[in-house]
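Structure first, then comments.
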């Protein structure tokens, strides 16, 4: 065989001698394609000679047919990602073609972003969400890295040994709140995980972040169950659950993301931050402060995604309105009729059953703050929802305790 001029030039750059190149061209055991790819791998003459010795000594061995075609993929080579201030994160490796996410993902299998499918090995997978606008949010890779840096463990980061006793009605109220929001965490985890399999592999940054979301939701379940069972209280009654109609009834990714990470999370954040401020026990304040921080990260993704969706998805503005209507209706129904939640929050904020009038006023203020925070969040991405918001959410700011 005769090596191409390009292969000979690359061999010369590696320091291969003319005598060794001549040996290769006279060999009947070594293929030209294998030599081309070995040169691409920047292998020294000494190591290449050892390879030739092995092949010539075993010309009938299966490995003698290797062409090392993996050394010549149709992708961008020579990438050197540099660590950033927090290490080698997703942002640092999303460079060149490896950071380009197409508007429509072209593959139905597990082909990772930046790679190419191997001919003859292309088997379709279960992915049918292939449009970027259905899942994407600018900066989602940074949110993923943040979620990793901010992770915490319910078993070891909470100072359980410092949990103090408190009046029985306060303990029962806190445990009831823990029960309801552990229930919500289970539903969050289930619905988010069920959608992940349907989202194309090319949107791995979004899938990575949603994996942390599932983990956060499960950790919320863990820490709230532990709290309910650690201080003489116990799990209370389950919430009404009508909230989940908008979650499990979602027909699109943006539909469930809007329901959970835009509508519900804005209400959860305000409550958790208030509990982190008002509850008498330091352990409880720490738990809800940590949960609020996680929820803020989820809500940030939800808003960024909804903003991307209404700008880039066909009829995105109209569809987003429908998603918001459905999610608001389910949330309003839950908050207006889930009396175990409202009663427990009233007692917890009042500091006991002897201050229920004060607690009712605080719950009214809470519902007003939640609605205000929700409308301001939507306003920040250009959605004016004030005149269209569900009347049930408005009524809660006037008389939140209905029973």
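Answer yes or no as to whether residue 154 is in a loop (DSSP other than H, G, I, E, B), touching a residue at least 24 places away in the same chain (Cβ under 8 Å), assigned by TED's automatic domain parsing to the domain that holds residue 299 and under 22 Å from the mean Cα position of the chain (by Cα). So that I can check it myself, show each step before the final result.
Working: in a loop (DSSP other than H, G, I, E, B): yes; touching a residue at least 24 places away in the same chain (Cβ under 8 Å): yes; assigned by TED's automatic domain parsing to the domain that holds residue 299: yes; under 22 Å from the mean Cα position of the chain (by Cα): yes.
Taking the combined requirement at face value, the residue satisfies it.
Among the residues making up the stretch 157-174, those that are over 17 Å from residue 288 (Cα atoms) and outside any helix (DSSP H, G or I) are 165, 166, 167.
Considering only residues that are more than 25 Å from residue 328 (Cβ to Cβ) and either buried (at least 24 other Cβ atoms within 10 Å of the Cβ) or touching a residue at least 12 places away in the same chain (Cβ under 8 Å) (or both), which ones fall in the stretch 263-287? If you could, list the steps in order and put the result at the bottom.
Going through the stretch 263-287, the residues more than 25 Å from residue 328 (Cβ to Cβ) turn out to be 276-287.
Scanning the stretch 263-287 gives 276, 278, 279, 280, 281, 282, 283, 284, 286, 287.
Evaluate the following for residue 111: is it closer than 30 Å to residue 273 by Cβ and outside any helix (DSSP H, G or I)? It is false that residue 111 is closer than 30 Å to residue 273 by Cβ and outside any helix (DSSP H, G or I).
Table: residues versus (1) buried (at least 24 other Cβ atoms within 10 Å of the Cβ); (2) more than 15 Å from residue 150 (Cβ to Cβ); (3) out of contact with any helix residue (DSSP H, G or I) (no Cβ under 8 Å at 6 or more places or on another chain).
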residue	(1), (2), (3)
289	no, no, no
292	no, no, no
304	no, yes, no
318	no, yes, yes
329	no, yes, no
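Scanning the stretch 338-356 finds no residues that are within 20 Å of residue 135 (Cβ to Cβ) and either in a helix (DSSP H, G or I) or modelled with pLDDT under 95 (or both).
The condition (being under 25 Å from residue 196 (Cβ atoms) and modelled with pLDDT under 95) is satisfied by just one residue among 106, 83: 106.
So which of 361, 377 ends up being at pLDDT 95 or above, part of a helix (DSSP H, G or I) and surrounded by 15 or more Cβ atoms within 10 Å (Cβ to Cβ)? Walk me through it before giving the result.
Details: 361 fails: at pLDDT 95 or above.
Being at pLDDT 95 or above, part of a helix (DSSP H, G or I) and surrounded by 15 or more Cβ atoms within 10 Å (Cβ to Cβ) holds for just one of 361, 377, which is 377.
Is there a residue being free of Cβ contacts under 8 Å to residues at least 24 places away in the same chain and in a loop (DSSP other than H, G, I, E, B) anywhere in the stretch 11-24? Checking the stretch 11-24: not a single residue is free of Cβ contacts under 8 Å to residues at least 24 places away in the same chain and in a loop (DSSP other than H, G, I, E, B).
The values are calculated or read from the model by the stated rules, or taken from the named source; none is laboratory data. What you see is a predicted model, and the numbers here were worked out from it, not measured in a lab. Because the Cβ atoms are built from the backbone with ideal geometry, glycine has one as well, and the counts that use them run over all protein chains shown.
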